[in-house]
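The values are calculated or read from the model by the stated rules, or taken from the named source; none is laboratory data. Fair warning: this is a prediction, and the values are worked out from it, not measured in the lab. Cβ atoms come from the backbone with ideal geometry, glycine included; neighbour counts cover every protein chain shown. In case anyone asks, the SASA skips ligands and DNA or RNA and just uses the protein heavy atoms, side chains included. Shrake-Rupley method; radii C 1.70, N 1.55, O 1.52, S 1.80 Å.
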Amino acid sequence: MIDFESIEKDGAAELSAAADLGELEEVASGLLGKRGSLKAAHRQLGALAPEDRVGAGRRLNEVTERLRAQLAARRSELEVAARAAALRADRLDLTEVVPASVRLSTGLGHLHLVTQTRDALEDVFVGMGFEVAEGPESETDWYNFEALNIPPAHPARGMWDTFYLELGQPETAVLRTHTSPVQIRLMERGELPIHAVMPGRCYRRDTPDARHLAVFHQVEGLVVDEGISFGDLAGTIETFTTAYFGSDIHSRLRPAYFPFTEPSAEFEITCTICHGGGCRTCSGTGWIELGGCGMVDPAVFEAVGVDPERWSGFAFGFGIDRCAQMRHGISDMRALTENDVRFLRQF
Ligand code: PHE
């Protein structure tokens with residue numbers, strides 16, 4: 001007699017024990033192949049008595065069918081698992097945070113000093129209750145100049161050496177020379193009050209030197225609310241200065257001129273090299289200029305449709321690269337754009 005029961009039981013056990021597609025195909029050929037147990041049983045049929053042969057043949061067919069069905073089911077199960085494993089292996093986690101220890105030991109890169117500085121400045125201002133906003137780097141003459149109370153041919157245009165874009169009428173599209181156009185975009189929306197800082201890249205047709213870059217970064221600040229005074233401006237700048245540079249660094253304002261603020265001031269901070277004692281970097285004064293500021297000029301409010309009888313505000317703007325230079329004692333700002341890893345690795 002042929003032991004169909006153990007052929008089926010053993011076959012079924014082997015099929016379900018196969019752990020991957022390779023193993024499964026081996027089990028399959030062991031069962032169904034030329035030298036497999038089912039073929040062997042088939043050969044044994046010939047030796048049976050004729051009256052037993054028909055019943056045994058049918059049994060063998062039934063067992064073979066059931067094992068084939070089980071093989072197909074197990075195969076698709078293992079295929080699904082294999083596909084899932086391949087997907088898992090291919091997965092790229094773009095949100096993964098690489099710990100500093102791993103980064104250093106594998107030599108992977110890190111954020112550029114200017115980006116780190118921008119992040120740190122944003123943190124300080126967000127901590128003071130400001131929102132962060134952004135605007136485009138290519139601007140129209142209206143946003144970069146006119147709405148800021150700098151009409152065409154105004155002598156103050158000389159303060160910003162401008163790169164023009166070949167777009168539309170000549171000299172109507174520019175690479176923004178400062179972040180102040182973002183003030184205009186924010187006020188234009190008409191959602192008041194505004195307490196925002198606006199960081200971003202700016203462009204000027206300047207020859208780079210130790211303290212200037214043609215492509216640089218600024219952060220603009222704008223507050224428009226009821227009853228805003230010059231005292232709020234001075235207090236905001238002093239708070240930011242000590243929060244970012246440390247409690248031994250202070251700020252002071254000196255009268256200046258900007259077409260979009262009145263009154264206007266330049267703001268200076270304690271020289272971070274000599275801490276106020278006087279050195280070569282600060283030309284012996286103990287102070288270093290960081291940026292400009294002032295009370296929003298009513299002409300600017302008029303350009304964007306803000307009622308100057310109800311609202312008042314202040315604005316400031318300063319260089320992010322200059323901040324990085326001052327905080328880290330970088331003697332030549334051009335190091336920020338040369339991409340020399342010996343410099344960049346230090347931060
Ligand atoms: N936008 C001015 C500049 O880049 C700086 C500034 C901003 C001055 C806001 C006053 C108010 O020169």
**Message:** Can you go through 124, 174 and tell me which one is closer than 16 Å to residue 317 by Cβ and of a type in the set (A, V, I, L, M, F, W, C)?
**Reply:** 124
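Would you check which residues across the range 23-62 are hydroxyl-bearing (Ser, Thr, Tyr) and under 17 Å from residue 4 (Cβ atoms) and list them?
First, pick out the residues of the range 23-62 that are hydroxyl-bearing (Ser, Thr, Tyr): 29, 37.
Passing the criteria: only 37.
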**Request:** May I ask you to list pairs of residues, at least six apart or on different chains, whose Cβ atoms are under 8 Å apart, with the first in the range 150-164 being assigned by TED's automatic domain parsing to the domain that holds residue 297 and the second being β-branched (Val, Ile, Thr) and not in a loop (DSSP other than H, G, I, E, B)?
**Result:** 162/174; 163/174; 164/174
**Request:** Pairs only if they're at least six apart or on different chains, beta carbon under 7 angstrom, first in the range 7-23 and touching a residue at least 24 places away in the same chain (Cβ under 8 Å) and under 23 Å from residue 60 (Cβ atoms), second part of a helix (DSSP H, G or I) and charged (D, E, K, R); list them, first residue then second.
**Result:** 8/66; 15/74; 16/74; 18/74
**Request:** State whether the residues of the range 223-233 include one that is over 23 Å from residue 299 (Cα atoms) and without any contact (Cβ under 8 Å) to a residue 40 or more places away in the chain.
**Result:** no
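To keep it simple, each residue is scored yes or no on (1) surrounded by 10 or more Cβ atoms within 10 Å (Cβ to Cβ); (2) in contact (Cβ under 8 Å) with a residue 40 or more places away in the chain; (3) assigned to a loop (DSSP other than H, G, I, E, B); (4) aromatic (Phe, Trp, Tyr).
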position	(1), (2), (3), (4)
66	yes, yes, no, no
70	yes, yes, no, no
86	yes, no, no, no
97	no, no, yes, no
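What number of residues within the range 135-152 are under 22 Å from residue 302 (Cα atoms) and either of a type in the set (A, V, I, L, M, F, W, C) or touching a strand residue (DSSP E or B) at 6+ places or on another chain (Cβ under 8 Å) (or both)? Spell out how you get there, then give the answer.
Kept after step one, since they are under 22 Å from residue 302 (Cα atoms), are these residues of the range 135-152: 135, 139-152.
Imposing the further condition that a residue be either of a type in the set (A, V, I, L, M, F, W, C) or touching a strand residue (DSSP E or B) at 6+ places or on another chain (Cβ under 8 Å) (or both) reduces the set to 135, 139-142, 144-145, 147-148, 150.
So the answer is 10.
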**Asked** Here are some conditions: (1) away from the ligand (no atom under 12 Å from the Cβ); (2) open to solvent by 40 Å² or more (accessible area, probe 1.4 Å); (3) touching a residue at least 24 places away in the same chain (Cβ under 8 Å). Residue 253 meets all but one. Which one does it not meet?
**Response** (1)
**the range 219-228, residues that are more than 16 Å from the ligand (Cβ to nearest atom) and open to solvent by less than 60 Å² (accessible area, probe 1.4 Å)** = 225
**Item:** Among the candidates 330, 273, residue that is in contact with a strand residue (DSSP E or B) (Cβ under 9 Å, 6 or more places away or on another chain) and surrounded by fewer than 20 Cβ atoms within 10 Å (Cβ to Cβ)
**Value:** 273
**the range 45-64, subset surrounded by 14 or more Cβ atoms within 10 Å (Cβ to Cβ) and not small (Gly, Ala, Ser), residue farthest from the chain's Cα centre (by Cα)** = 48
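Restricting to the range 41-76, count the residues that are closer than 29 Å to residue 20 by Cα, touching a helix residue (DSSP H, G or I) at 6+ places or on another chain (Cβ under 8 Å) and not polar (S, T, N, Q).
Residues of the range 41-76 closer than 29 Å to residue 20 by Cα: 41-42, 60-76.
Then drop every residue that is not touching a helix residue (DSSP H, G or I) at 6+ places or on another chain (Cβ under 8 Å), which leaves 41-42, 60, 63-64, 66-68, 70-71, 74-75.
Remaining after also requiring not polar (S, T, N, Q): 41-42, 60, 63, 66-68, 71, 74-75.
Counting residues in the range 41-76 that are closer than 29 Å to residue 20 by Cα, touching a helix residue (DSSP H, G or I) at 6+ places or on another chain (Cβ under 8 Å) and not polar (S, T, N, Q) gives 10.
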**Complete:** Counting only residues that are more than 9 Å from residue 261 (Cα to Cα) and in contact with a Gly (Cβ under 9 Å, 6 or more places away or on another chain), the range 287-310 contains a total of 8
**Request:** Look at residue 149 and say whether it is polar (S, T, N, Q), modelled with pLDDT of 95 or more, within 30 Å of residue 228 (Cβ to Cβ) and open to solvent by 20 Å² or more (accessible area, probe 1.4 Å).
**Result:** yes
**Message:** Quick check on my filter: what residues within the range 191-216 are open to solvent by less than 60 Å² (accessible area, probe 1.4 Å), within 13 Å of the ligand (Cβ to nearest atom) and closer than 21 Å to residue 161 by Cβ?
**Reply:** 200, 202, 203, 204, 206, 216
